[in-house]
């Protein structure tokens, strides 16, 4: 049990059901700016990635504006994601029990979390998502700048740009895949979305999914 | 050995109907085209480097026909002016001074650079905007500026470093040599070929141009250029702008003309397998999520879980 799991704003309210504050308003606003821009970024990027998806560029006013807007959205996502990074990174450090949890991923995905070690504020799956995105976002930013011809054309060779555009598309696919898993887990585990909309979860949700975090909060006397 | 048999015809004076158009497309960027009903005879421009005198009439004719202007040049220590292709200057005479180690002769190699009109065009492969780059069955690769989104992917796709993005207008667009597709469509040849005073640039069907090149190569070989040859690189399935080179074994001597040009493997992966793999990965993952939801059902918090939480919080308060 380590105190890193508790973030300022986490608070248990007794009652029936027990209500646990999980995300304060600033975190939620940060998260949703990131989410909305990331979706727009993915849609505009996909329009340029595969011909069958070029029609998506109409959402941004055509191919030219899609090309123009996409990198700026990327810059917003970079800062928004790193806003979240500094809020969450401590809670996302791996601990010894995480290995057993990961080995028991089959039980988790069949709804038997009681068969794996109790987890703190974030489970190892969430931690992997967090660290993967932390790296991918930086790689996307750098590879994106290399192919942002409007401002940075002269700084790299064509061969470097070819490599950058390939890495950029691969990392983008990885990021979109990661986000699909992230969104799916929220849909699958009912009661999770409320943490990011209203800012709180029920005590039962915390007991089921993040028991170590709940115990720690309760012990903390909140 | 005058080669005036390829003298271009006089311009038409009556109303003329273009001899090719939309219906002759064999490839269209980021989209598909129905197989054309007819196959046009392939055309080609042949540039005989050995006959070029470096007068730049081709550059002037190109600017003139395409109604482009470039700033007055500055001397950078070379006759190559401007220093590089630009969005306005679609063709450029590149001057190289080379001492032939075998003869100790200084050779002044002049190569007219510009779009090669590849049979396998990398620009078209890389382009994400439907119809912005098209290829006709006569071999001409052309840009449609109405559809171009100015992303610069064609620059990454091209193995010859030809397209240039214009930022002069509000909307960036890619530009390159059109092989004077508008002139060719009415029975004329490219403006550069028309202007060339030594007939170093000739235009005709690809077959004719290869035959003509054979004659030129024989002539060059008879005059001591043992490695004279035709540049029609197979790595891009041949080109519709070809060179006769006196040193065909070393094309890179001519201001870096690539020896074995082909579309970069990075571009091939990006616009080939990965395009499909990426979509499949994203679609597959979404499908797995859907199936998982159907099979396992929602992961709900039970009444029991809530009771556990309540007991935990209450036990703590006592």
Item to complete: For residues that are at the interface with chain A (Cβ under 8 Å from one of its Cβ atoms) and either assigned to a loop (DSSP other than H, G, I, E, B) or exposed (fewer than 12 other Cβ atoms within 10 Å of the Cβ) (or both), tally how many sit in the range B:256-296.
Response: 1
Worksheet item: residue B:313: in the same structural domain as residue B:162 (by TED's automatic domain parsing), touching a strand residue (DSSP E or B) at 6+ places or on another chain (Cβ under 7 Å), surrounded by 15 or more Cβ atoms within 10 Å (Cβ to Cβ) and over 29 Å from residue B:102 (Cα atoms), yes or no?
Response: no
Worksheet item: Where in the range A:127-222 are the helices (runs of 4 or more DSSP H), entirely inside, with at least 2 residues that are over 24 Å from residue A:5 (Cα atoms)?
Response: A:149-152, A:158-188
Discussion item. Taking the condition of being in contact (Cβ under 8 Å) with a residue 40 or more places away in the chain, crowded, with 21+ Cβ neighbours inside 10 Å and more than 7 Å from every other protein chain (Cβ to nearest Cβ), how many residues in the range A:168-194 meet it?
Written reply: 2
Worksheet entry | The lone exception for residue A:100 - which of (1) part of a helix (DSSP H, G or I); (2) at pLDDT 95 or above; (3) under 26 Å from residue A:11 (Cβ atoms) it fails | (3)
Worksheet item: Is there a residue in the range A:54-67 that is within 11 Å of another protein chain (Cβ to nearest Cβ), at positive phi and modelled with pLDDT of 95 or more?
Response: yes
Practice prompt. For the range A:5-21, state whether one or more residues are in contact (Cβ under 8 Å) with a residue 24 or more places away in the chain, on the phi < 0 side of the Ramachandran plot, more than 14 Å from chain B (Cβ to nearest Cβ) and in contact with a strand residue (DSSP E or B) (Cβ under 9 Å, 6 or more places away or on another chain).
Written response: no
Item to complete: Confirm whether residue B:214 is without any contact (Cβ under 8 Å) to a residue 40 or more places away in the chain and assigned by TED's automatic domain parsing to the domain that holds residue B:114.
Response: yes
Worksheet item: When the range A:127-167 is examined, which residues are found to be closer than 29 Å to residue A:96 by Cα and either under 12 Å from the mean Cα position of the chain (by Cα) or at the interface with chain B (Cβ under 7 Å from one of its Cβ atoms) (or both)?
Response: A:127, A:128, A:129, A:130, A:131, A:132, A:133, A:134, A:135, A:136, A:137
Worksheet item: Taking the range A:17-55 as the region of interest, how many residues are part of a loop (DSSP other than H, G, I, E, B), in contact with a helix residue (DSSP H, G or I) (Cβ under 6 Å, 6 or more places away or on another chain) and within 30 Å of residue B:315 (Cβ to Cβ)?
Response: 4
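Each row is one residue, and each column tells you yes or no for (1) within 18 Å of residue B:135 (Cα to Cα); (2) in the same structural domain as residue B:64 (by TED's automatic domain parsing); (3) touching a residue at least 40 places away in the same chain (Cβ under 8 Å).
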{"position": "B:154", "(1), (2), (3)": "yes, yes, no"}
{"position": "B:160", "(1), (2), (3)": "yes, yes, yes"}
{"position": "B:172", "(1), (2), (3)": "no, yes, no"}
{"position": "B:190", "(1), (2), (3)": "yes, yes, yes"}
{"position": "B:228", "(1), (2), (3)": "no, yes, yes"}
{"position": "B:238", "(1), (2), (3)": "yes, yes, yes"}
{"position": "B:242", "(1), (2), (3)": "yes, yes, yes"}
Discussion item. Looking at the structure I just gave you, is residue B:255 modelled with pLDDT of 95 or more and closer than 20 Å to residue B:93 by Cβ?
Written reply: yes
Worksheet item: Within the range B:300-307, is there a residue that is within 10 Å of chain A (Cβ to nearest Cβ), part of a loop (DSSP other than H, G, I, E, B) and touching a strand residue (DSSP E or B) at 6+ places or on another chain (Cβ under 9 Å)?
Response: yes
Item to complete: Starting from residues that are farther than 22 Å from residue B:272 by Cβ and surrounded by 19 or more Cβ atoms within 10 Å (Cβ to Cβ), keep the ones in the range A:41-56 and report whichever is nearest to the chain's Cα centre (by Cα).
Response: A:41
Worksheet entry | strands (runs of 3 or more DSSP E) (entirely within the range B:13-115) containing at least 3 residues that are modelled with pLDDT of 95 or more and loosely packed, with under 12 Cβ neighbours inside 10 Å | none
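The values are calculated or read from the model by the stated rules, or taken from the named source; none is laboratory data. Here the structure is a predicted model, which means the values were calculated and not measured. Please note: Cβ atoms are built from the backbone with ideal geometry, for glycine as well, and neighbour counts cover all protein chains shown.
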